[in-house]
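Let me begin by presenting the structure, written as structure tokens, before commenting on it.
The values are calculated or read from the model by the stated rules, or taken from the named source; none is laboratory data. This is a predicted model, so every value here is computed, not measured. Because the Cβ atoms are built from the backbone with ideal geometry, glycine has one as well, and the counts that use them run over all protein chains shown. Ligands, DNA and RNA are stripped out before the accessible areas are found, and what is left, the full protein with its side chains, is counted by its heavy atoms. Shrake-Rupley method; radii C 1.70, N 1.55, O 1.52, S 1.80 Å.
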Amino acid sequence: MIKNTFFKGILYTCIASIFWGLPQPLFFNELNHVNTLEVVLHRGLWSFVLLFLILLSFTNLDEFFNLFRSFKKISILTITACLITSNWACFIYAVGEERVQDASMGYFITPMISIILGNIFLKEKLTTYKTTAVLLMLFAIAYLFVSLNEIPVLIILIGSTWAVYGLLRKHIMVEPSIGLLYETFIISIISIPYLLFMFINGESNFISINLKTTIFLVLTGGVTIFPLFFFNLGLKYIQLGLAGVLFYLAPSFHFITSMFILNEKILYVKMISFIVIWIGIIFYIYDTLKDRSNENSTQ
């Protein structure tokens, strides 16, 4: 029974990670003719509508309404709403500008940024392997900066916003679905008036281009909720550390998709940076699996 639930957890987490890595960039590539901001606002709005209907149908919303009794919770979740909006915007922009490889690298370095944040703010101990992984990440970023003579802003933004988002959400006692409902609620408060303003001024792409664009903008909600549902389902059966390792399927498929489906060219310097980061990831994964093995042996 335990073995079956363990494999369930791996299956559900893999479904989520592969969906994030393959269909999602291809989906947003179909919306590359729409302004990034408009796509993000639609994504927040339709995610809220879909998640609200799902939770209303299968559970109650008491926990959502109880959030408003805690100033601390709504303050932190408002910050995470801004972070996830920024992360979405960076990813959608990367797809539209044929820079999915940058998005891939951004998500690859996220755990290493999380290690740094954990050490600074939570006083978490840095192991030798994690320190090596962080140093390799920093070297890869520095190498890009020197070689391209520009700061890899998109990579750093994607990695840091997702890392800080995870740090804040990890340490607030709120169900993932309820937290996301509040975050998309906050985004919707901005989305609705702004989208109406765009529609009135004839700047909206929602129903003015073609039916496909309209449908795809509405489906941004489903594309957002679907992988999160399976990822959270997987977390019920496996440890967070293992789920984090399986999440690497997402940026791996980003990289594969960018090269073999979206036909993005990869620069020599970026390839070297990827290799350095992948070596860092091996150290990180080994350390994570070693910790898990030690935990199991002491139980």
Cα pair distances of segment 157-299 binned at 5 Å [whole percent] | 2, 7, 9, 16, 16, 14, 14, 11, 6, 3, 1, 1, 0
With a ≥ b ≥ c taken as the square roots of the eigenvalues of the C-alpha gyration tensor of segment 92-135, please select rounded if a/c is under 1.5 and otherwise prolate if a/b is larger than b/c or oblate if it is not?
-> prolate
Can you give me the pair-distance distribution of the chain, C-alpha pairs, 5 Å bins, whole percents?
-> 1, 5, 10, 15, 18, 17, 14, 11, 6, 3, 1, 0, 0
Compactness check, segment 1-108: C-alpha Rg relative to the 2.2 N^0.38 Å globular estimate gives 1.32
Residue-averaged [θ]222 nm for the chain, counting only DSSP H segments that reach four residues, each worth -39500 (n - 2.57) = -27500 deg cm²/dmol
Dimensionless Rg/Rh of segment 57-110 - Kirkwood Rh, Rg from C-alpha atoms = 1.20
Peptides ranked, highest mean first, by Cβ atoms within 10 Å: ranges 36-47, 131-142 = 36-47, 131-142
FRET efficiency estimate (nearest 0.05) - Cβ-Cβ, Ile190 to Ser147, R0 35 angstrom = 0.35
Quick one: accessible area per residue over the chain, 1.4 Å probe, rounded to a whole number of Å²?
-> 51
Can you give the percent of C-alpha pairs in segment 199-246 whose distance is more than 16 Å?
-> 59
Of the listed pairs Lys73/Lys123; Lys123/Lys270; Lys170/Lys270; Lys8/Lys290; Lys170/Lys290, which have alpha-carbon separations greater than 27 Å here?
-> Lys123/Lys270; Lys170/Lys270
Length gain on complete extension for the stretch Glu30 to Leu138, per 0.36 nm per residue less the alpha carbon to alpha carbon distance?
-> 35.5 nm
Would you be so kind as to identify all helices of the chain, as entire DSSP H runs, whose Cα atoms reach 20 Å or more along the helix's own axis and whose mean Kyte-Doolittle hydropathy is at least 0.5?
-> 2-21, 36-58, 71-96, 100-121, 128-148, 153-170, 176-200, 211-235
Would you mind telling me the share, in percent, of accessible area of the chain contributed by carbon and sulfur at probe 1.4 angstrom?
-> 69
